Amino acid sequence: MSQQAHPAKSIEGYIIIVTGLHPETSEEQLEDLFADFGPVRNLHLNLDRRTGYVKGYALIEFAELGQAEEVVRQKSLMLLDRKLEVDFAFLEPPARPRRSSLNSRSRSPSPRPSRHDHDIAMEES
């Protein structure tokens, strides 16, 4: 079985992260660029509170895995003379190997009678 992580599905679809955005990028420009791959279900563009400009990244959600994978495969996406980097925002962790049986569990040692318990038993006799 492959140890590679797979894209994680959100409630509505698959989220990609786009980095390398120009500070003056608009939501409309991003929607126009990524609509070629399928309908954009959700778009989140973070702005710097102090400057009001884009922080340089966006989260974009597609309904279908195939749409998001097609975007991630793109190596030459450009917007406002900037090369964009695209990847999945969230990945499922690789599957862990299963244990063969419950007997292979690590267990605490069984309590052993202490010397004090043995002395008490001798006194009672």
Of everything in segment 1-34 that's over 16 Å from the mean Cα position of the chain (by Cα) and at pLDDT below 95, which residue is nearest to Glu92 (Cα to Cα)?
-> Ser2
Quick check: is even one residue across segment 44-58 touching a helix residue (DSSP H, G or I) at 6+ places or on another chain (Cβ under 9 Å) and either over 18 Å from Asp87 (Cβ atoms) or modelled with pLDDT under 95 (or both)?
-> no
Determine if segment 13-33 includes at least one residue that is aliphatic (A, V, I, L, M) and surrounded by fewer than 15 Cβ atoms within 10 Å (Cβ to Cβ).
-> no
What are the residue pairs meeting all of these: first residue in segment 4-17, first residue under 16 Å from Leu43 (Cα atoms), second residue surrounded by 13 or more Cβ atoms within 10 Å (Cβ to Cβ) and among the polar types (S, T, N, Q), Cβ atoms under 9 Å, and 6 or more apart or on different chains?
-> Ser10/Asn42; Glu12/Asn42; Gly13/Asn42; Gly13/Gln67; Tyr14/Gln67; Ile15/Asn42
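The values are calculated or read from the model by the stated rules, or taken from the named source; none is laboratory data. Every value quoted in this text rests on a predicted model; they were computed, and no experiment measured them. Reconstructed Cβ throughout: ideal geometry from the backbone, glycine too, with neighbour counts over all protein chains shown.
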